[in-house]
Amino acid sequence: MFGNLRTKRTKPFFLPPSLLCRQMGSILLMGYLNDWKKMPQWLIHHAFKSIPVSNGALGMGCIGYPGHPVWEVTAACNLNCIHCHAASGKPDPDELSTDEGKRLIDQIAEIDGFRTLVYTGGEPLVRKDIFALLKHAQQIGFANIIATNGTLIDEEMAWQLKEHGVVCNAISLDAANPDTHNFIRRSAHSYDLVLRAIEATKKAGIVLQINTTAMEYNMEHLSEIIDFADQQDASIMLMYQLVAVGRGEKIEKATLKKSANRELSQLISRKQSLTETIIEPVAGPQYWPYMMEKKKLLNGFVRKFTEKVFHGCAAGRGFVYIKANGDIWPCPFVEVNTGNVRKRHFKQIYEEDPVFKNLRNRENTLKGICGNCRYRSICGGCRGRAHAYSGDYLAEDPRCFIRT
């Protein structure tokens, strides 16, 4: 519909000093709030190689740094995990073709704030044309990130990924012991294959990120897996909370309750102070107001600076999720379709759709406790949980422990 559009962006981004400084400011503030004793070690060992991952972003959201799109390139997967938000398995018969995928990448590149592109699934590495897509994005100037279950990455694959512009492998690991991880992944060999992927990623010089989903099944193992990620020299760890969507809806009882949400925030704060790896909560935006209250930062300059750095729920606010068939959602957990790139330009959907506008204006659009909360700018509640439990993406977060 839009022709064979090609963006003028043809080389990697150069980050001016202003962007580097604001990224450093975000790290310093996070270190202060968490009493991060190993921040100097992180800066020495991880900061330089992690710059292409965040790529000029300001601050942190509830799903890592803001300002990045995530593309579910396929619904196909070689595993059948009990908590998969995409309920992956077989390919979607209506998935974007290679040419449509390249055109999507071109359209995403028109938005200045997007400098990285995350490929997820399903399992992105089962898509046959994944390297053609990675190469196209690399030539435009994107830093590529693969969110993977890790089972298909050996040394040869890791080097191929690096050659195609992959700067970070975000590898899923749900426990530091094979029994629990393999149970969640429904695979007898997944744990061993993940260990292989971790080693291959490090040998190829790709940034290692560990993605963990916190749920009742592995809550008792979370402290251990944080230590494991640190021992593996992971630069980043995303600690997701299970949201009752996709296949996870069938195990809703495994989602963290309000008290467990608080316990997880306490655990992350406690471990971060002693851990070199950066630990970022996902679907748990209450973490930042929790840290502010812990530091008694209720007023003053530091609070104002904190409100600029921490974005809380990132759904529709610098974050966007593209389904395998080209549908656009604000977040993988906010199952609200705002349009399809086969019918409308990506930039038009992202910048003009009322859902995205409501989420960007959440200080005036949220409802219930979230709408009246003084932390709505740096937290905003999890919009995915709100939608999963009420059907309204602007409703209050039923698992908030900050305001009860």
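The values are calculated or read from the model by the stated rules, or taken from the named source; none is laboratory data. Note that the structure is predicted; figures quoted are calculated from it, not measured. Cβ placement follows ideal geometry from the backbone for every residue including glycine, while neighbour counts extend to all protein chains displayed. These accessible areas exclude ligands, DNA and RNA; they are computed on the full protein's heavy atoms, side chains included. Shrake-Rupley method; radii C 1.70, N 1.55, O 1.52, S 1.80 Å.
Here are some notes:
- Integer Hz, Karplus 6.51/-1.76/1.60 couplings in order for the stretch 295-304, x for Gly and Pro: 8, 6, 9, 9, 8, x, 5, 4, 5, 5
- Helical contribution to [θ] at 222 nm, DSSP H n ≥ 4, -39,500 (n - 2.57), averaged over the chain, rounded to 500: -11000 deg cm²/dmol
- Proximity of backbone amide H atoms, modeled 1.01 Å from N, is registered between residue 78 and 123 at under 5 Å, excluding neighbours fewer than 5 places apart on the same chain.
- When only alpha carbons of the stretch 327-404 are considered, Rg and Dmax amount to 13.1, 43 Å.
- Taking max minus min of the alpha-carbon positions on each principal axis, the stretch 78-207 gives extents of 45, 35, 25 Å, largest first.
- Listed by chain and number, the aspartates and glutamates placed with their C-alpha closer than 13 angstrom to that of residue 128 are 95; residues fewer than eight positions away on the same chain are left out.
- Measuring with a 1.4 angstrom probe and ignoring ligands and nucleic acids, residue 24 comes out at about 80 Å² accessible.
- Most fluctuating residue given options 365, 116, 212, as computed from a GNM of the chain linking Cα atoms under 10 Å: 365
- Computed 3J(HN,Hα) for the stretch 28-35, one whole-Hz value per residue from the Karplus formula 6.51 cos²θ - 1.76 cosθ + 1.60 where θ = phi - 60°, is 5, 5, 4, x, 5, 5, 9, 6, glycine and proline marked x.
- For the stretch 245-400, with +1 on Lys and Arg beta carbons and -1 on Asp and Glu, the positive-most of 301, 256, 321 along the dipole: 301
- Normalising the average separation of contacting C-alpha pairs (under 8 angstrom, six or more residues apart) by the number of residues puts the relative contact order of the chain at 19 percent.
- When Rg and the Kirkwood Rh are both derived from Cα coordinates, the Rg/Rh ratio for the stretch 263-342 amounts to 1.10.
- Once you reduce the stretch 357-404 and the stretch 205-264 to the center of their Cα atoms, the two points are 22 Å from each other.
- GNM result for the chain, Cα springs below 10 Å: residue of 312, 380, 141 fluctuating most strongly: 141
- Fraction of accessible area attributable to carbon and sulfur, the chain (%, probe 1.4 Å): 53
- Whichever lysines have a C-alpha closer than 29 Å to that of residue 296, once near sequence neighbours (fewer than 8 apart) are set aside: 37, 38, 257, 258, 271, 304, 308, 367
- For the chain, built as a Gaussian network whose Cα springs stay under 10 Å, the top-fluctuating residue of 245, 302, 167: 302
- Rounded to 5, percent antiparallel among DSSP beta bridges of the stretch 50-195: 5
- Proximal lysines relative to residue 347, as straight alpha-carbon distance under 20 Å, when same-chain residues fewer than 8 apart are discounted: 8, 102, 323, 357
- For the chain, the share of DSSP beta bridges that are antiparallel, to the nearest 5, is 10%.
- Percent of Cα pairs exceeding the 28 Å cut-off, where the set is the stretch 123-267: 22
- Options 133, 286, 79, ranked by Cα towards positive dipole end of the chain, top entry (Cβ charges): 286
- Given in Å, the Rg to one decimal and the Dmax to the nearest whole number for the Cα atoms of the chain are 19.5, 55.
- Only the Cβ atoms of Lys and Arg (+1) and of Asp and Glu (-1) were treated as charged; on that basis the dipole of the chain about its Cα centre amounts to roughly 1320 debye.
- Shown in residue order for the stretch 369-376 are the 3J(HN,Hα) couplings computed by the Karplus curve 6.51 cos²θ - 1.76 cosθ + 1.60 at θ = phi - 60°: 4, 4, x, 9, 7, 6, 9, 5 Hz (x for Gly and Pro).
- Overall dimensions of the stretch 211-366, expressed as equivalent-ellipsoid semi-axes from the Cα gyration tensor (√(5λ), whole Å, largest first), are 29, 22, 15.
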